[in-house]
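The values are calculated or read from the model by the stated rules, or taken from the named source; none is laboratory data. Computed from a predicted model, the values in this text were never measured in an experiment. So basically every Cβ, Gly included, is an ideal-geometry build from the backbone, and we count neighbours across all protein chains shown. SASA here: full protein model, heavy atoms, side chains in, ligands and nucleic acids out. Shrake-Rupley method; radii C 1.70, N 1.55, O 1.52, S 1.80 Å.
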Amino acid sequence: EERFRLCDQLSRAVISIPSNIAEGSGRNSEADFARFLSMARGSLFETMTQLEIAKRQGYLTDITEAEECANSIRKILNSFITKLTT
């Protein structure tokens, strides 16, 4: 049951990242888009937290590749947010 809940929460967080980017891109202002990009970044952090919990619980052994991907995505989101808000 615990593993199922963790998988469910992880799935929701992962799906939320591109969903927020897509929804924000359909908004009428750059400020709204930046806000949705910030939510996507929050979902990215939530995803990484869920993966760390899964690792500590013994469900995963190595999340290094996921961490590297997440850092790349975080940098892209940060750059895009900065461009939209400055």
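For the reader, a short list of remarks on this structure follows.
- List T47, T82, ordered by accessible area with a 1.4 Å probe, largest first: T82, T47
- Karplus-derived 3J(HN,Hα), 6.51/-1.76/1.60, for each residue of the stretch 5-10, Hz, glycine and proline x: 4, 5, 4, 4, 5, 4
- Where labels lie 7 Å past Cα in the beta-carbon direction, separation of T82 and A22 in nm: 2.9 nm
- Sorted largest first by accessible area at a 1.4 angstrom probe radius, with every protein chain in place, the residues T49, T61 fall in the order T61, T49.
- Residue-averaged 222 nm ellipticity for the chain, from DSSP H runs of 4+ at -39500 (n - 2.57), nearest 500: -30000 deg cm²/dmol
- Rounded accessible area of D62 (nearest 10 Å², 1.4 Å probe): 100 Å²
- Charge dipole (debye, nearest 20) of the chain; +1 at Cβ of Lys and Arg, -1 at Cβ of Asp and Glu: 240 debye
- The 3J(HN,Hα) values that the Karplus relation (6.51, -1.76, 1.60; θ = phi - 60°) gives for the stretch 50-60 are, in residue order, 5, 5, 5, 4, 4, 5, 5, 7, x, 7, 10 Hz. Gly and Pro appear as x.
- Paramagnetic reach from L60 in the stretch 5-27 [backbone N under 19 Å; point 7 Å along Cα→Cβ]: 5-19
- Annotation: per residue accessible area for the chain equals 68 Å², rounded to a whole number [probe 1.4 Å, protein chains only].
- Radius 12 Å from Cβ of Q57, net charge of other residues (Lys, Arg +1; Asp, Glu -1): +2
- For the stretch 18-23, Karplus couplings with θ = phi - 60° (6.51, -1.76, 1.60), whole Hz, Gly/Pro x: x, 5, 5, 4, 5, 5
- Of all accessible heavy-atom area on the chain, the percent that carbon and sulfur account for (1.4 Å): 53 percent
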